[in-house]
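What follows is a short report on a single structure.
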Amino acid sequence: MPVSRCTGGIELLLLLEDGAKQIGENEVPSEDALVLQLHLAKGHEKFTEMLKSQQQIIVDLQQKLAEQQHMLISQQQEILEQQRKMYEQMDLIKVQYGMLFDTVKQMSFQSLQEDIQNYFESHLHGLQNQVRNHLQKSYSVHKVEVDAKVINVGESLLDCGLCESDEFCNFQKTPSRCEKCTLCPAGFFQMAECSANSDRICQDRDECTESPSICGERVKCLNTPGGFRCLGIAEKDAALGMCGEEHFFNKEMQECQACLKCEDGMVAVPCSAVSDTVCSAASENKLSESWAANILLPSVKSGISQVYSGLNLKIKGELPCGILSTEESSLVFRQHGLLWTDLNFAVKHNCRNFLQLSLKLNGSEEDYELSGVRIEQPEGKYFQSTSLSSAAEVEPSQTLSVYLRSPNQFCNQSKDLNIYDLNTPLSLFWLSHDTGAVALSAQMSTAMHYQTNYRPTFKIISVSDPYMLSLSHDGRAIKFTESGVVKFVFHQALYSMGHTCVREGFSLISYINRNGTNKELMNVFKSGVNYRDTSISASGATKVDAGDLLSFEILSPAQCNVRYFGDSSGISMFSLIWIPSAVSSALSATVSVTGLPTGAVRNKLLDFTQVSSNEKQIQLVSSGQLAQKYFIFTEKGVGSIAFNLKLIHSCNVLKVTLNQLTMDHMQPTAVAQQIGGQMPEGSIWTSVSLRASFEVHNGTLVSVSLDCVRGRINQITHEHGTSISILWISS
């Protein structure tokens, strides 16, 4: 029966069940059931369409949300980038604020002169008109030129007269006078020429604006007076040429500076990546110069008391010097050249093991030891002495220091060290490159164990002219290409074991090989030690010919086991300076066999016998009261002496003094001094070495004297182990 369309849900459900049964029973569905089924299908389609539209809306919302999130991330990145730029600007402002003080400090006189000039020129024209009108009214017969210089109305005209082409009339001075035109310094450019009435006007060059990429794309450039600064650039990067052409990296100011322009192109040393141009001055043509200083331990109150980690000894110069200056505990060099340094050192120490004394040179990157000696641990409490020498090529701003250290942590300055107060223990001479001198440094190649004679093998570290100086084919000798005069030093560190080492000691012999034949040049003795570290050293000067070879040999006693160190720490080093004969000469001598001092010797002069050929500039006095005792210099220059003494004595302290006698002072004065303490127990012989450099004039006389304090001198050897070599260099 038909069902109303307004029936309830139960009736509709029953109708659906009946329709389903009828369909399931393959009966034809009723008209109402078909209508209901159509309604359901349409409702399902609408519901599906609504779901699809809702899904599309959700997808659109998700897409918009993702776009908004992306925009938010972009905005956050922009904010972070703006913050980074703000921090960079703040850092730049801080640097500029710091540079402002540097700019104020370094503001050149030209800038001040420019302000004065602008002010004066702005008022000069009106002042000239006033003066012209006043003078025309008062003195019609007088004429005033337009460029007359007037200070005040009614005062007399100021005039410098005729100035040179490179001068201007400075009427700001009273009275007015001609002055040299200012030269624009490196890194500045000229804005106005120097005229008869005004100085040259210079303006700082802004390298950052002229070359925006001078520091690279990511590095900020900051302009400075005369240069620029690449913020964040390390010194090593700048040393590789980061500053560009015609600029160098100034280590003190930590910035790139323009290279100096020399007048008339007189360049002594060209500009490099880390050093400025050095201009040669016609007025300064010194070939050599000498200097001396005292050496002191730093005060315990300063807090630097431990010798274990090492400390710099204080250097106190006697006189000012043009080639160097003293700063704190170092020497700072002002000129390029070659350097020879001598140090006489005497100490009484109670440190375990040994003390190491070194000469350190500060280069462009780090300190390195030029040379060093080891002072062994004493068996008793007595003074020990040693001499240390070295040669090097130096540049402006490099520093030299004397370094003392102990490998044992229990060595203390205040309790364990007592340095003997010697007379000017540190001395040096400097040679200009104009002399044509050549410097060489070498080290021992390897550590070797020997029980007999030892011939060291060298490895060259640096040489200023490899054509003039080179190694022999086996590396055991230095070969000279041309004739000249050489000053050399050889330091060898060693460790010895055996009682025969103590009794007989060591001998270091230097040879000159000429035409295939070895000739003994010098023999230096060193007392032996047992189970100790020590050093043996020899220094001297001699003439060489082209093709000559210089070599060394160490003689040790039988049944003495010795280890010879060979490393780069400076304790086993060889240094040499070759000088042309035109500006140098050398003389060798030994003590005379007659008149050797013995017994209680008090300030007695030694007699010498000349070994080498006669020299014009250095001579052993042969007649009169000073005969055989004094050496005389006949030309002005620098003298350098190395003296070795081998003897037997019972003195508590043995003093060796180098005396100087000049025409101005009739009494001899001490130039340098060295001491020797008590003889080591068990040793037959002992030795003392003295080295010094000093200024000499025509007629300067030098001698060597001995003084035995509380004891006697028993014997002095006059052949092997005692010698003196004297070098003269023209100034």
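None of the figures in this text is laboratory data; all of them are computed from the coordinates on show. Because the structure is a prediction, the values reported are computed rather than measured. Quick reminder, even Gly has a Cβ in these numbers, built from the backbone with ideal geometry, and neighbours come from all protein chains shown.
Side notes on the structure shown:
- Judged by the mean number of other Cβ atoms found within 10 Å, the most tightly packed of the peptides 529-538, 33-42, 79-88 leads the ranking 529-538, 33-42, 79-88.
- Kirkwood-type radius of region 568-653, with distances r between different C-alpha atoms, in Å: 15.9
- Computed from phi, the 3J(HN,Hα) profile of region 346-360 under the Karplus parametrisation 6.51, -1.76, 1.60 (θ = phi - 60°) reads 9, 8, 10, 10, 10, 7, 6, 6, 9, 9, 10, 10, 9, 9, 10 Hz, with x in place of Gly and Pro.
- Extension reserve of the residue 669-residue 350 stretch, reckoned as 0.36 nm per residue once the Cα distance is removed: 111.5 nm
- Annotation: amide H of residue 678 within the under-5 Å range of 383, sequence separation 5 or more or interchain, hydrogens built in the peptide plane.
- Annotation: peptides 429-442, 208-221, ranked by per-residue average of other Cβ atoms within 10 Å with the highest first, follow the order 429-442, 208-221.
- Label-point gap, in nm, between residue 611 and residue 56 - each point 7 angstrom along Cα→Cβ: 11.4
- If the segment from residue 621 to residue 316 were pulled out straight at 0.36 nm per residue, it would be longer than the present Cα-Cα gap by 106.3 nm.
- Extending 7 Å from the Cα toward the beta-carbon at both residue 334 and residue 563 defines two label points whose distance is 4.7 nm.
- Residue 602-residue 164 FRET efficiency (beta carbon distance; Förster radius 45 Å; 0.05 resolution): 0.10
- As an equivalent ellipsoid, region 205-279 spans semi-axes of 22, 13, 10 angstrom, where each value is the square root of five times an eigenvalue of the C-alpha gyration tensor, largest first.
- Relative protection proxy for 668-681, 458-471, from highest mean packing down: 668-681, 458-471 (other beta-carbon atoms within 10 angstrom).
- Euclidean distance of C-alpha centroids, region 516-561 and region 436-469, integer Å: 13
- Shape box of region 583-730 [Cα atoms, principal axes, largest first, Å]: 46, 30, 27
- Relative to one another, the C-alpha centroids of region 654-731 and region 380-417 are positioned 22 Å apart.
- Where labels lie 7 Å past Cα in the beta-carbon direction, separation of residue 465 and residue 79 in nm: 7.2
- A simple charge model with +1 on the Cβ of Lys and Arg, -1 on the Cβ of Asp and Glu and nothing else charged puts the dipole of region 205-279 at about 260 debye relative to its Cα centre.
- Nonlocal amide H pairs with residue 699, under 5 Å, H built at 1.01 Å: 633, 634, 635
- Length gained when the stretch residue 327-residue 450 is fully extended (0.36 nm per residue, less Cα-Cα span): 39.9 nm
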